[in-house]
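Coordinate-derived values only; no laboratory data. Predicted model only: the values in this text are computed from it and were never measured. Cβ sites come from the backbone with ideal geometry, for glycine too, and all protein chains shown count toward neighbours.
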Amino acid sequence: MGSKQSSRRRFLKGGAALAGLAIGGIPRAIAQVPRVEKADAPPGDSRAYGHRSRFDTSKRLDDTHAPHGMTTPIQDTTGIITPNGLHFVMDHDHMERPDIDPKQHRLLIHGQVDRPLSFTLEELKTLPSVSKIYFIECNGNSQPPRGPGKDSVQDVHGRISCSEWTGVPLALLLREAGLKAGATWLVAEGADAKRYAMGIPLTKGMEDVLVAYGQNGEPVRPEQGYPLRLIIPGFEGNISIKWLRRIKVVDQLYVPRHQATNAELMPNGKALWFNFQIGAKSVITRPSGGQKLPGPGFYEITGLAWSGGGAVHRVEVSTDGGKSWKDAELQQPVLPMAWTRFRSPWTWNGQEAVLQSRCTDERGEVQPTLAQLREVWGINSDFYFQDHFNGIQPWKVTPDGVVHNALLLS
Amino acid sequence: MGWFTMHYYCRNLLVLTLALTGAAAVAQGPAYQRGRNATEEEIRAWDISIGPDGKELPPGSGTATEGAQIYAQKCAACHGKTGAEIHPAKLTHMGGAPGPLVGGVGTLSSSKPVKTVGSFWPYATILWDYIRRGMPEFRPGTLTVNEVYALTAFLLFQNGIIKEKDVMDANSLPKVQMPNRDGFVPPKPEWKPGMKRPLGYYP
């Protein structure tokens, strides 16, 4: 029982809130008890729909890779749920976000079915529903940046979010329509101006895909596909069609344009087709790039782990650049194809340290190092890095306490 | 259901069909009686998905000669005079300027691969589908069926895949052989659902 612990108890008893920069050690946190100020009135009627404190400034940032993408500040979010206003955004092909009146919206299911059906939103809401916590991740997330200046975990890994999605299982709707013998694939399409469409294997559609109208207790946000979004657990986010308006059941592989052009090239010039599933991944979100440790002492290392292949089985943390590893504590519940929050206590001695985490999923797939991925893909450092990057992310803490991204491609 | 691969749904279509969908189709009728039966007319109006065999292609036709004029008028501002250019301005909402549509053959295994319609796209019907649904960038869905055939023909001609006078229609377009048709590989077939995946590939 050291003095730090009793300080901590005093701090908690005092009821003060840790501010967003709680990366600091305990002494600093105490010094950061917020001043009491009269807040400006936030826009809108906050009694009718509440706003966060004006002191909470955590926000999405423009994606440096995609002009109209926005990244989630995963260094700031707590637990495993992304607030709706901070969910990452990556729109692939539309002129402007559709502004859809839910009363006018319809979902059409047709093609290789016995009964082509058209559903209103209200009709869908009368059907048996489920709520499931799933991550959605862009296939371009986590690509190691080239050169300095891309230090933050938000910049590198912020194209992922995790929500509780509520809706009707797609399998139920497909059974209502009645699948014809020979049906093998689905084409799902949005109501955006360019009718963005993607192909989905029917096996997946019958397994765990959701036609979602709810996101974290309220309707799906417009930038996430209001009023309906297809949620395809564990698969790259670009096939979870927003503003879902049509599902065509087909008897062969259809290749919508984005699926053809997104196919990832290997060094031999062949492309990996339908490279859907996200691998076993994890990243330490605190401490992470761009943050600063105020001084030696106790820190809680925390981060997020996930796998498109099921539940996270184990997360290990190394504070010595991968020489030794220690099991992190996993916050329950650990859910398949959802974020798992991990935590590991660490006392920083003030010397240079390299922090990294390694995820193992329920199938035994282990998150690889950059060197392992290079070997598998036959990629040298000059080659543009692949989508679906799930390599281990090291963060280097220098003696001045500044945390740097230690995974920069030359 | 566990995990699956291209092997599972591509090479064993028959097994898949019998095991999952066929059985479901025979065994179950609608349980909830929700939703309205969609009419053939509304399905026709909404269904713009064109498969590789082109069976949904509508009547109409066009040639590269016709397409050249439409292209100059409606496409060249962003895609350049010949389709091989990269526009300097950031015109699209995704990834900045549109990539080239023409050329790039032989670059896919280099360190600077150029993915174009000619060098990369596997089926000619994808081009038709996408021009109709997504182009022109700021007025998608405004092209006539004949304009879409003509523009498709123009881009295939520019890529050296068809001749200038070749008529593209519902019959001829699906028969066009794209150069990179065999350039796409599924995950390794020895992998089975439920198995730990070899490092670096994602079914």
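For B:V117, what charge total do you get from the other residues with a beta carbon under 13 Å from its beta carbon, if Lys and Arg give +1 and Asp and Glu give -1?
+2
Relative to the 2.2 N^0.38 Å rule of thumb, segment A:270-385 has a C-alpha radius of gyration ratio of 1.18. Bridgeable aspartates and glutamates around B:K165 (alpha carbons under 18 Å apart, same-chain partners fewer than 8 residues away excluded): B:E66, B:E147. Shielding of peptide A:198-207 by partners, expressed as the average count of other chain Cβ atoms within 10 Å per residue Cβ, is 4. Below 8 Å, C-alpha to C-alpha, sequence gap of six or more: please give me the relative contact order for segment A:279-407 in percent. 33 percent. Which links in A:K242/B:K74; A:K242/A:K326; A:K204/B:K74 stretch past 31 Å when you go from one Cα to the other? Distance filter (> 31 Å) returns A:K242/A:K326; A:K204/B:K74.
The share of Cα pairs per 10 Å bin across segment A:126-220, counted from zero up to the longest distance, runs 13, 32, 34, 16, 5, 1 percent.
For segment A:291-384, give me the percentage of DSSP beta bridges that are antiparallel, rounded to the nearest 5 percent. Write out the running numbers ahead of the final one.
Numbers: 20 of 21 bridges.
Approximately 95 percent, going by the DSSP bridge assignments.
A crude spin-label estimate for the pair B:A45 and B:Y32, with each label 7 Å from Cα along the Cβ direction, gives 2.5 nm.
Using a cutoff of 8 angstrom between alpha carbon atoms and counting only pairs six or more residues apart, the relative contact order for chain A works out to 16 percent. For segment B:137-150, putting each phi into the Karplus relation 6.51 cos²θ - 1.76 cosθ + 1.60 with θ = phi - 60° gives couplings of 3, 9, 9, x, x, 9, 7, 6, 4, 5, 5, 5, 4, 5 Hz, in residue order, rounded to whole numbers and with x for Gly and Pro. Annotation: amide H-H contacts under 5 Å for A:W273 (H modelled 1.01 Å from N, sequence separation of 5 or more, or interchain): B:V185. When each of the peptides B:62-73, A:221-232 is scored by how many other beta carbons lie within 10 Å of its residues on average, the order from highest to lowest is A:221-232, B:62-73. Proximity of backbone amide H atoms, modeled 1.01 Å from N, is registered between A:T285 and A:T302, A:G303, A:L304 at under 5 Å, excluding neighbours fewer than 5 places apart on the same chain. Under the simplified labelling scheme, the A:R47-A:L408 pair shows an inter-label distance of 5.3 nm, with each label point 7 Å from Cα along Cα→Cβ. Selection among A:Q372, A:G350, A:G309 by position relative to the dipole of chain A gives A:G350 as farthest towards the positive end (Cβ unit charges, Cα centre).
Using the alpha carbon gyration tensor of segment A:231-336, what are the three equivalent-ellipsoid semi-axes (square root of 5 times each eigenvalue), largest first, in whole Å?
Working: eigenvalues 278, 63, 40 Å².
With the √(5λ) rule applied to segment A:231-336, the semi-axes are 37, 18, 14 Å.
Would you mind counting up the charge near A:V153? Only other residues with Cβ under 13 Å from its Cβ, with Lys and Arg at +1 and Asp and Glu at -1. Provide the component values of the computation, followed by the final result.
Working: positive: A:K150, A:R159, A:K281, A:R286; negative: A:D76, A:D151, A:D155.
My count for the surroundings of A:V153 gives +1.
For the residues A:L210, A:L244, A:L86, a GNM of chain A with alpha-carbon springs under 10 Å puts the largest fluctuation on A:L86.
Computed log10 I(q)/I(0) for segment A:142-290 at 0.08, 0.09, 0.13, 0.21 Å⁻¹: -0.28, -0.35, -0.70, -1.37, from the Debye equation with unit scatterers placed on every C-alpha and solvent omitted.
Counting pairs of alpha carbon atoms under 8 Å apart in space and at least six apart in sequence, what relative contact order in percent does segment A:195-298 give?
Details: 101 pairs, mean separation 22.6, N = 104.
Computed over segment A:195-298, the figure is 22 percent.
Where does the Debye-calculated log10 I(q)/I(0) of chain A sit at q = 0.07, 0.09, 0.14 Å⁻¹, using only Cα point scatterers of equal weight, no solvent? Once normalised to I(0) and log-transformed, intensities are -0.36, -0.59, -1.30. With R₀ fixed at 41 Å, the C-beta to C-beta distance from A:Q351 to A:E96 puts the FRET efficiency at about 0.20.
For the residues of B:40-53, the average number of beta carbons from a partner chain within 10 Å of their own beta carbon is 5.
Each of B:R133, A:R159, B:R44, A:R374 was scored by other Cβ atoms within 10 Å of its Cβ. Listed from fewest to most, they are B:R44, A:R374, B:R133, A:R159. The Cβ shell under 11 Å around A:E236 holds other residues with a net charge of -2, Lys and Arg each +1, Asp and Glu each -1.
What's the Cα-based Rg to Rh of segment A:316-374, Rh via Kirkwood? Can you show the working numbers first?
Numbers: Rg = 13.1 Å, Rh = 13.1 Å.
We get a ratio of 1.00 for segment A:316-374.
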